[in-house]
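J.: Sharing a structure below in structure tokens format, with a few things to ask.
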Amino acid sequence: MKKRSTFLFSALCFGMAFLYIPMVLLVVYSFNHSRLVPVWGGFSLRWYKSLFTSEEIWNSLLLSLQIAVVNATFATLLGTFAGLTIARFGRFRGRTLFTGMLSAPLVMPEVITGLSLLLLFITLNELLGWPSSRGMTTITIAHITFSLAYVAVIVQSRLSGMAQDLEEAAQDLGGKPLRVMFDITLPLLAPGMLAGWLLAFTLSLDDLVIASFVSGPGANTLPMLIYSRVRLGLRPDINALATIIIFTVAVGVALAGWLLLRQRKQRERDMRMASA
């Protein structure tokens, strides 16, 4: 048992080191004064100053955030209703086809998804004259296409593990189905919808492959900009940008953990008061 514990602890340490040592090195070299990333030239904030004065990076970041917010909102709405349809409407004609089409973006390679959406937009432009150009609109539509599938899976899982007692009681008391859905079902689904929104936001902000297919001149998202710069060689300002992203994510995770811990303590306190 002791040998097994030692092995598991060693494997855990190796895995954590494999994941986080590269990030630590990236943060350290973001403060490198030298223009050559592997050559340490002394501590400096030079590349952070360069980063904050780069209009190209700020434009790409703003575009990525706009696309991510719009995508997450629409993907959450559409994915929620899709998950409700699968979990609450039972068997209906075309259910198998609907479920398969909804699950397809989860298993389809991003290259195939991006190429098919590109051909779709080209065909629509030839037939209808829309979209006249590829940019924020086409990227947002493409992101909604695959993000809503993830939201639908989360919502469906939440509904599958949620008892229908409150919904049935509301219907027995005369509540109409639409009123029950908005007053009972959706509030109970709120944590799952929030999780789906955050996941869709993250997927959109992180996407590179699909956005590369459906974007046009002047519409570079932040991942596209980072990839294009890395292809020309490592630059310290990219390390500075990655450091800021890592810090932002770490603060968000710490805040979420603190809120969850606070809620758990509050719940335990309420249970002790109720049992007293």
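J.: I need the trypsin sites (Lys or Arg not before Pro) found in segment 4-94, filtered to DSSP loop residues with at most 16 other beta carbons within 10 Å of theirs. Don't jump to the answer; show the numbers that get you there.
T.: Values: sites: R4, R35, R46, K49, R88, R91, R93; in loops: R35, R91, R93.
Here the trypsin sites (Lys or Arg not before Pro) that fit, given the DSSP loop and packing criteria, are R35, R91, R93.
J.: A follow-up question, please. Quick check: residue separation of D165 and T53 times 0.36 nm, minus the Cα distance between them. What number comes out in nm?
T.: Stretched out fully, the D165 to T53 stretch lengthens by 34.6 nm.
J.: Looking at the chain, do any whole DSSP H helices span at least 24 angstrom along their long axis by alpha carbon and average 1.6 or above on Kyte-Doolittle, and which?
T.: 110-128
J.: Equivalent-ellipsoid semi-axes (√(5λ), Cα gyration tensor) for segment 49-145, whole Å, largest first? It would help to have the intermediate numbers written out before the result.
T.: Working: eigenvalues 202, 73, 30 Å².
With the √(5λ) rule applied to segment 49-145, the semi-axes are 32, 19, 12 Å.
J.: By count of other Cβ within 10 Å, fewest leading, how are M16, M224 ordered? Don't jump to the answer; show the numbers that get you there.
T.: Details: M16 10, M224 20.
The most exposed by this proxy come first: M16, M224.
J.: Give the distance, in whole Å, between the Cα centre of segment 52-73 and the Cα centre of segment 171-224.
T.: Each part's Cα centre sits 18 Å from the other's.
J.: Arranged by the count of other C-beta atoms within 10 angstrom, fewest first, what order do I244, I210 take? Let's see the in-between values first.
T.: On the way: I244 16, I210 25.
Ranked by crowding around the Cβ, least crowded first: I244, I210.
J.: Taking the dipole about the Cα centre of the chain, with the C-beta of Lys and Arg at +1 and of Asp and Glu at -1, give me whichever of L97, T123, Q156 is farthest to the positive side.
T.: Farthest towards the positive pole: Q156.
J.: Just rank T80, T123, T243, T202, fewest to most, by other beta-carbon atoms within 10 angstrom.
T.: Fewest-to-most Cβ neighbours within 10 Å comes out as T123, T202, T243, T80.
J.: Which parts of segment 244-268 would a label at Y20 reach, counting a residue when its backbone N lies under 18 Å from a point 7 Å out along Cα-to-Cβ?
T.: Output list for this probe position: 244-258.
J.: Need one number: nm distance between label points at D183 and L119, each 7 Å from Cα along Cα→Cβ, rounded to one decimal.
T.: 5.0 nm
J.: A follow-up question, please. Pairs of alpha-carbon atoms within less than 8 angstrom and 6+ residues apart define the contacts here; what relative contact order does segment 120-276 have, in percent? Provide the component values of the computation, followed by the final result.
T.: Working: 75 pairs, mean separation 43.4, N = 157.
For segment 120-276, the relative contact order is 28 percent.
J.: I would also like to ask the following. Can you compute the modelled spin-label distance between A104 and L255, with each label point 7 Å from Cα toward Cβ, in nm?
T.: Using points 7 Å along Cα→Cβ, the separation is 3.8 nm.
J.: Report the label-to-label distance for W40 and E126 in nanometres (one decimal), using points 7 Å from each Cα along the Cα→Cβ vector.
T.: 5.8 nm
J.: Could you let me know the centre-to-centre spacing of segment 124-153 and segment 85-119, using Cα atoms, in angstrom?
T.: Result: 15 Å between the Cα centres.
J.: I need the shape label for segment 3-75. Rule: rounded when a/c is under 1.5, else prolate if a/b > b/c, else oblate, with a, b, c from the alpha carbon gyration tensor.
T.: Judged from the Cα gyration tensor, segment 3-75 comes out oblate (a/c at least 1.5, b/c at or above a/b).
J.: Compute the relative contact order of the chain as a whole-number percentage, counting only Cα pairs closer than 8 Å that sit 6 or more residues apart in sequence. All intermediate terms of the calculation are to be shown ahead of the outcome.
T.: Details: 263 pairs, mean separation 85.4, N = 276.
It rounds to 31 percent for the chain.
Any read-out appearing in this document is the output of simple, stated calculations on the displayed coordinates, not a laboratory observation. Not measured: the values here are computed from a predicted model. FYI the Cβ positions are ideal-geometry reconstructions off the backbone, even for glycines, and counts take in every protein chain you see.
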